[in-house]
1. For residues in segment 12-45 being of a type in the set (Asp, Glu) and either assigned to a helix (DSSP H, G or I) or at pLDDT below 85 (or both), which is surrounded by the fewest Cβ atoms within 10 Å (Cβ to Cβ)?
2. Using the structure shown, decide if residue 135 is modelled with pLDDT of 80 or more and more than 30 Å from residue 89 (Cα to Cα).
3. Tell me which residues, restricted to segment 148-198, are closer than 20 Å to residue 135 by Cβ, of a type in the set (A, V, I, L, M) and outside any loop (DSSP other than H, G, I, E, B).
4. Can you tell me which of (1) exposed (fewer than 15 other Cβ atoms within 10 Å of the Cβ); (2) assigned to a loop (DSSP other than H, G, I, E, B); (3) not assigned by TED's automatic domain parsing to the domain that holds residue 8 is the one residue 86 doesn't meet?
5. Within the set of pairs 6+ apart or on separate chains, which have a first residue in segment 165-177 that is at pLDDT 90 or above, a second that is surrounded by 14 or more Cβ atoms within 10 Å (Cβ to Cβ) and in a helix (DSSP H, G or I), and C-beta atoms under 9 Å apart?
6. Which one of these is of a type in the set (Phe, Trp, Tyr) and in contact with a Phe, Trp or Tyr (Cβ under 8 Å, 6 or more places away or on another chain): 157, 142?
7. Taking residue 135 and the conditions (1) under 27 Å from residue 117 (Cβ atoms); (2) surrounded by 15 or more Cβ atoms within 10 Å (Cβ to Cβ), which numbered condition does it fall short on, given that it satisfies the others?
Amino acid sequence: MRTRYLAHIEKVLTELSLLDKKDDQIRTLSGGMKRRVLIAKALSHEPKILFLDEPTAGVDVELRKDMWQVVRALRASGVTIILTTHYIEEAEEMADRIGVINKGEIVLVEDKAHLMQKLGRKRLKLHLQGKLDSIPETLSPYRLELCGEGRELVYDYDTKGERTGITSLLSDLRNAGIRFSDLDTTKSSLEDIFVSLVRAS
């Protein structure tokens, strides 16, 4: 039993890049290393549920990636992890379910994939051939955004709707004499969804 426990501790220390520091006193370690020790301590008893309160706050990129790998491995082994973070990209990368808290109130708790599908939108960006000073009134139904110093038009649309409106938009742009040289689309990130939820609450 003791041999198995020691093997587990060595595995945790290795995964957190702490094995070579195992005989050092904590007060001699850097802030990032101390954070790793706290994670190792939490993992030492092989928990079934693990609470991580902003474990990567104030740590370097390398440590953050190491911790993500550890969290993935724990999740794959069946450990339930409750993670609080201010890094939206971290939640998007790691979480299966997302809870959004604003001013101490829980705005929602939902499966991440379902949330992204339900509230996610797509954005079409048109790179104009010439500069546009203002958007013609005839295009107001599309709620376009003029950006890039008047050289880009942005159109947000719902992918779940019966029609995206893109075909009619392109036709109306042509009728308005607006030409574009290129276009690209992007999908809402979790951060975009988070901002919209917080603004609405």
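1. Our first condition is that a residue be of a type in the set (Asp, Glu); within segment 12-45, this holds for 15, 20, 23-24.
Now drop any that are not either assigned to a helix (DSSP H, G or I) or at pLDDT below 85 (or both), which leaves 15, 20, 23.
Working: 15: 19, 20: 9, 23: 5.
The extreme case among them is 23.
2. In short, yes.
3. Matches in segment 148-198: 153, 154, 166, 169, 170, 173, 183.
4. (3)
5. That search, which allows pairs on different chains as well, returns 168/142; 169/139; 169/142; 172/139; 172/142; 173/139; 176/139.
6. 142
7. (1)
Results for (1) under 24 Å from residue 55 (Cβ atoms); (2) within 16 Å of the chain's Cα centre (by Cα); (3) at pLDDT 80 or above, shown as yes or no for each residue.
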residue	(1), (2), (3)
79	yes, no, yes
84	yes, yes, yes
89	yes, yes, no
102	yes, no, yes
106	yes, no, yes
110	yes, yes, yes
120	no, yes, no
125	no, no, yes
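The values are calculated or read from the model by the stated rules, or taken from the named source; none is laboratory data. Quantities reported herein were computed from a predicted structural model and do not represent experimental measurements. Cβ coordinates were reconstructed from backbone atoms using ideal geometry, including for glycine residues, and neighbour counts include every protein chain displayed.
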